[in-house]
1. Could you say which residue among LEU274, LEU286, LEU263 is under 28 Å from ALA164 (Cβ atoms), of a type in the set (A, V, I, L, M) and open to solvent by 10 Å² or more (accessible area, probe 1.4 Å)?
2. Cβ-Cβ under 8 Å, sequence separation 6+ or interchain: first residue in segment 147-176 and farther than 25 Å from LEU131 by Cα and at pLDDT below 80, partner open to solvent by 30 Å² or more (accessible area, probe 1.4 Å) and among the aromatic types (Phe, Trp, Tyr). Which pairs?
3. Among all residue pairs at least 6 apart or on different chains, which show Cβ distances below 7 Å where the first residue, located in segment 288-309, is free of Cβ contacts under 8 Å to residues at least 12 places away in the same chain and the second is among the hydrophobic types (A, V, I, L, M, F, W, C)?
4. Kindly indicate whether PHE195 is within 19 Å of PRO374 (Cβ to Cβ), among the aromatic types (Phe, Trp, Tyr) and open to solvent by 20 Å² or more (accessible area, probe 1.4 Å).
5. Are there any pairs with C-beta distances below 6 angstrom linking a residue in segment 61-88 that is within 19 Å of ILE214 (Cβ to Cβ) to a residue that is in a loop (DSSP other than H, G, I, E, B), with the two at least 6 apart or on different chains, and if so which?
6. Checking THR50 against (1) more than 26 Å from CYS402 (Cα to Cα); (2) modelled with pLDDT of 90 or more, which single condition isn't satisfied?
7. Restricting attention to segment 261-275, does a residue exist that is under 20 Å from ALA369 (Cβ atoms) and either in contact with a strand residue (DSSP E or B) (Cβ under 7 Å, 6 or more places away or on another chain) or in a helix (DSSP H, G or I) (or both)?
8. For segment 222-231, check the following and say yes or no: at least one residue is outside any helix (DSSP H, G or I) and surrounded by 17 or more Cβ atoms within 10 Å (Cβ to Cβ).
Amino acid sequence: VIGSGVLSLAWAIGQLGWIAGPAVLVAFSLVTLFTSSLLADAYRHPDPVTGPARNYTYMDAVRAQLGGRKVHLCGLAQCINLVGVNVGYTVTAAISMAYVKLYTHYFREEDKCDVSSTRYMIIYGCVQLVLCQVPNFQKLSWISILAAVMSATYSVIGLGLSVAKVAVNEGGGTKAATTTVGLHVSEGHELWRVFRAIGDIAFAYSYSTVLIEIQDTLRSSPPENRTMKRASFVGITVTTLFYLLCGCVGYAAFGKAAPGNLLSGTGFRQPLWLVNIANICVAVHLVGAYQVFCQPIFSFVESRCRQRWPESKFVTMEHPVTVGGGTTTATVCHVNWFRLVWRSAYVVVTTALAMTFPFFNDFLSLVGAASFWPLTVYFPVAMYISRAKIPKFSFTWAWLQCLSWACLVVSLVAAAGSVEGLIQSMKKYHPFKS
């Protein structure tokens, strides 16, 4: 569950302050934990434990329990979120790769230069072009394990470096409230940064998008929803504690100068070898994380195309290709021309979008804001109301609706701050600007 969003939490806490920062983070975790429990009950239908019908994807669950236009809205929201996460992961991995090169060859302690990550986005995209052609991602389970280890490694390194910086009293000034308005930060700019910080925290909790798909891999004894609820509770609780540690200690280490990405830019530069290891771990982790988030899109598009054109050899036929010369070491791989073209096009598009918007904080904030309300809150709540047949205007119905509307407002203000940040970043860094 711990993703690259952890790298931006020190900056987010810095914009919100000691009081609001941890409070907002805990609030997001509680909402995510509650709605994840509702979503876990949506896997089987009509009963969450004994229901004979299984919903293999998030869209299947919405189709079974809500139907109508909401199915298409869910598909659109999930597609935007998954594509956005893949674009964000491409940006993040490329930045980490670029800073490994920059730290190693060019940086001195006093340097304040930046680095272009475009070539590293292309390298990252080439790696994904190869991995995306694996027809059954479960065969690459070792990548998931490796990604989890890498995620834990760079998070612990970032936390440890923050603790060390605080211990030697090198941190900047901190505050209980939001950013102090001064010579370089106007009131309006401060407000936009607060909104973007909320979006960054929302991105750190983008777990619900693939919850149903994960639950579909569980055994049915004990019931899937019980296992998934327990896993969600443990995962979100541990994640939140770690987020609080990384965000708060990182803020204490840097103060008002907390970087947007804890491990690059104006973040840590010493010890060089340890910072480089952390950035390498970020890149390796996001290679596997990209695959986790693109697989639902691949599965949806390819299944729909097979249903629509069942007679097309281009879409349905698998061509065996022998890899390796020896009879005992040779491996037979199956190539599908549609899969080859479509998945390659997807990687190319996400890489091109990342090259167009290479802004870590702003883009992650926008993805978090755009997906939090519909996928984490609205659809789980709506499906629970429909499944439990909760009467309109009852107490339960009223407070669930209040929760949903409050989260909608939060998502809207976070999205507004993210768009404003992207506009300002494009004005400053657009590659075609002279």
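The values are calculated or read from the model by the stated rules, or taken from the named source; none is laboratory data. Keep in mind that this is a model prediction, so the values were computed, not measured. Cβ atoms come from the backbone with ideal geometry, glycine included; neighbour counts cover every protein chain shown. In case anyone asks, the SASA skips ligands and DNA or RNA and just uses the protein heavy atoms, side chains included. Shrake-Rupley method; radii C 1.70, N 1.55, O 1.52, S 1.80 Å.
1. Numbers: LEU286 fails: open to solvent by 10 Å² or more (accessible area, probe 1.4 Å); LEU263 fails: open to solvent by 10 Å² or more (accessible area, probe 1.4 Å).
The match here is LEU274.
2. Close Cβ pairs satisfying both conditions: THR174/TRP18; LYS175/TRP18; ALA176/TRP18.
3. ARG306/VAL315; TRP309/VAL315
4. On the way: within 19 Å of PRO374 (Cβ to Cβ): yes; among the aromatic types (Phe, Trp, Tyr): yes; open to solvent by 20 Å² or more (accessible area, probe 1.4 Å): yes.
Yes; evaluated as a whole, the condition is true for this residue.
5. Taking only residues 6 or more apart or on different chains, the pairs are ALA61/ALA42; ALA61/ASN55; ALA64/ASN55.
6. (2)
7. First, the residues of segment 261-275 that are under 20 Å from ALA369 (Cβ atoms): 261.
Subset that is either in contact with a strand residue (DSSP E or B) (Cβ under 7 Å, 6 or more places away or on another chain) or in a helix (DSSP H, G or I) (or both): none.
No, there is no match, as no residue in segment 261-275 is under 20 Å from ALA369 (Cβ atoms) and either in contact with a strand residue (DSSP E or B) (Cβ under 7 Å, 6 or more places away or on another chain) or in a helix (DSSP H, G or I) (or both).
8. Initial filter on segment 222-231 (outside any helix (DSSP H, G or I)): 222-223.
Right, trim to surrounded by 17 or more Cβ atoms within 10 Å (Cβ to Cβ) and you get 223.
Yes, some residue in segment 222-231 is outside any helix (DSSP H, G or I) and surrounded by 17 or more Cβ atoms within 10 Å (Cβ to Cβ).
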